[in-house]
Amino acid sequence: MSTTDGGELRIGMVGYAFMGAAHSQAWRTVNRAFDLPLRVRMTAICGRDEANVAAAADRLGWESAMTDWRELVARDDIDVIDVCTPGDSHAEITLAALAAGKHVLCEKPLANTVEEASAMVTAAAFARGSGIRSLCGFNYRRVPAVALMRELIAAGRLGTIRHIRAAYLQDWIVDPQFPLVWRLQKDRAGSGALGDIGAHIVDLTQYVTGQRITGVSALTETFVRERPLPSVSSGLAAAASEADGELATGRVTVDDAALFTARLDGGAVATYEATRFATGRKNALRVEVNGAHGSLAFDLERLNELEFYDATRPGPEQGFTRILVTEPEHPYVAAWWPPGHILGYEHSFTHQMRDFVQAIADGTDPAPSFEDALQVQRVLDAVLRSAGSDSAWTGVDPVLTTA
Ligand code: SOE
């Protein structure tokens with residue numbers, strides 16, 4: 001069982017790419033922004049390439065660097081394992097860490113399959129009996145404006161929720177020459193835009209409304225089906241179709257875009273769009289919730305703001321107002337700056353670490369739990385099954401031109 005060492009919480013992180021960097025920034029700042037009962041110690045970072053992980057340790061502020069995550073998990077001077085790797089290793093690392101009595105923070109989506117996610121839920125439930133805490137890294141829940149959105153909806157300010165409208169738009173692979181990185185390979189990532197960014201809007205909309213998706217109708221599309229292999233052989237050469245003198249290419253085995261409608265258990269209906277081909281949109285996450293008494297809208301590109309339409313106000317005063325979510329009474333904000341001094345993307349990760357450390361100290365279960373993340377995984381699986389079947393698809397007869 002993990003024991004904190006005299007008020008220290010010793011972290012071991014696996015992975016050092018984008019999420020590793022974002023989590024490292026959060027581990028570095030959490031005790032400086034928040035008054036916590038435990039002091040985080042960035043004990044070790046782990047990655048496969050010895051030189052690269054040593055450089056990452058130096059750049060990101062870790063005390064030591066390792067190349068074998070199994071050794072990291074076995075260390076008795078580690079209390080928490082933070083999993084920042086591609087999805088195909090989430091389950092293996094998490095199961096080993098829980099079995100070793102470590103608290104676990106696992107990046108989203110929880111796993112590449114429902115089966116893996118279910119095994120992680122079972123292991124987390126068993127470890128919970130020994131006081132071990134686990135959390136899945138849906139960080140956007142911890143943007144103050146998103147947390148405020150949930151508070152306003154829970155307080156009934158919108159009344160009965162009728163519509164949920166969510167889109168997460170990126171464009172980083174529009175160029176067909178962009179290489180076949182791990183996010184574009186099903187065996188590494190599980191799915192494409194759906195699991196990477198669609199998972200965020202599934203979790204976020206369920207979080208802010210308190211409702212859960214009960215069914216979907218979906219379509220997915222892969223616009224570019226062959227891409228150049230990454231410069232370093234990624235073991236895909238066997239699958240590559242290498243013509244004479246042509247650059248070796250490999251097949252894209254995931255969705256570039258996923259669109260689906262959904263029904264939720266509180267009676268709301270919803271539309272979701274997750275795509276990496278929204279040319280010009282870089283990281284555009286937008287959610288709007290329409291209720292009987294009003295609406296709320298959040299835009300990640302304006303993450304310190306929340307748009308609120310209060311239909312209970314006198315007619316002449318009605319209109320979308322812009323709430324600047326920087327007041328001390330807003331979630332998390334009091335730890336930072338005076339009103340009007342805005343926060344950024346990285347603060348959501350610091351807030352995530354704050355809640356995780358506090359939960360470990362209090363002996364409570366942080367959210368989203370692995371059970372919450374398994375439900376997201378089930379939605380992703382349902383989307384892919386729906387998209388793979390023609391059952392709900394109704395074709396439109398072509399107009400036969402006489403010309
Ligand atoms: C995809 O590029 C990505 O990095 C996601 O994996 C993250 O979860 C999201 O926060 C930003 O975009």
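Annotations
- HN-Hα J in Hz across region 87-93 - Karplus 6.51, -1.76, 1.60, θ = phi - 60°, x for Gly and Pro: x, 6, 10, 4, 5, 4, 5
- Rounded to whole Hz, the Karplus (6.51, -1.76, 1.60) HN-Hα couplings of region 357-372, x for glycine and proline: 5, 5, 5, 4, 5, 7, x, 10, 9, x, 10, x, 6, 5, 5, 4
- Cβ charges +1 (Lys, Arg) and -1 (Asp, Glu), total dipole of the chain, debye: 660 debye
- Separation of alpha-carbon centers, region 34-98 and region 167-206, rounded to whole Å: 24 Å
- At q = 0.06, 0.13, 0.14 Å⁻¹, base-10 log of I(q)/I(0) for the chain (Debye sum, equal scatterers on each alpha carbon): -0.26, -1.18, -1.34
- Helix-only [θ]222 nm of the chain, DSSP H runs n ≥ 4, -39500 (n - 2.57) each, per residue, nearest 500: -9000 deg cm²/dmol
- Rounded to the nearest 20, the Cβ-based charge dipole of region 8-140 about its Cα centre (Lys and Arg +1, Asp and Glu -1) stands at 440 debye.
- When each of the peptides 347-358, 149-160, 269-280 is scored by how many other beta carbons lie within 10 Å of its residues on average, the order from highest to lowest is 347-358, 269-280, 149-160.
- 5 angstrom amide H check on residue 8, placed H, neighbours 5+ away: 39
- Summarising the amide proton neighbourhood of residue 137: residues at separation of 5 or more, or on other chains, whose placed amide H is nearer than 5 Å comprise 106, 107, 108.
- With only the Cα atoms considered, region 8-140 has a convex hull volume of 103 Å³ per residue.
- Subtracting the Cα-Cα distance of residue 17 and residue 71 from 0.36 nm times their residue separation leaves 17.4 nm of extension gain.
- Order by protection proxy (mean Cβ within 10 Å, highest first), peptides 370-379, 293-302: 370-379, 293-302
- Using a simple spin-label model with pseudo-atoms 7 Å out from Cα toward Cβ, residue 226 and residue 175 lie 2.0 nm apart.
- Here the Karplus curve 6.51 cos²θ - 1.76 cosθ + 1.60, taken at θ = phi - 60°, turns the phi angles of region 75-86 into couplings of 5, 8, 9, 10, 9, 10, 10, 10, 9, 10, 10, x Hz, with x standing for Gly and Pro.
Since every read-out is calculated from the coordinates, none of them should be taken as a lab result. Because the structure is a prediction, the values reported are computed rather than measured. Neighbour counts run over all protein chains shown; Cβ positions are idealised from the backbone, glycine included.
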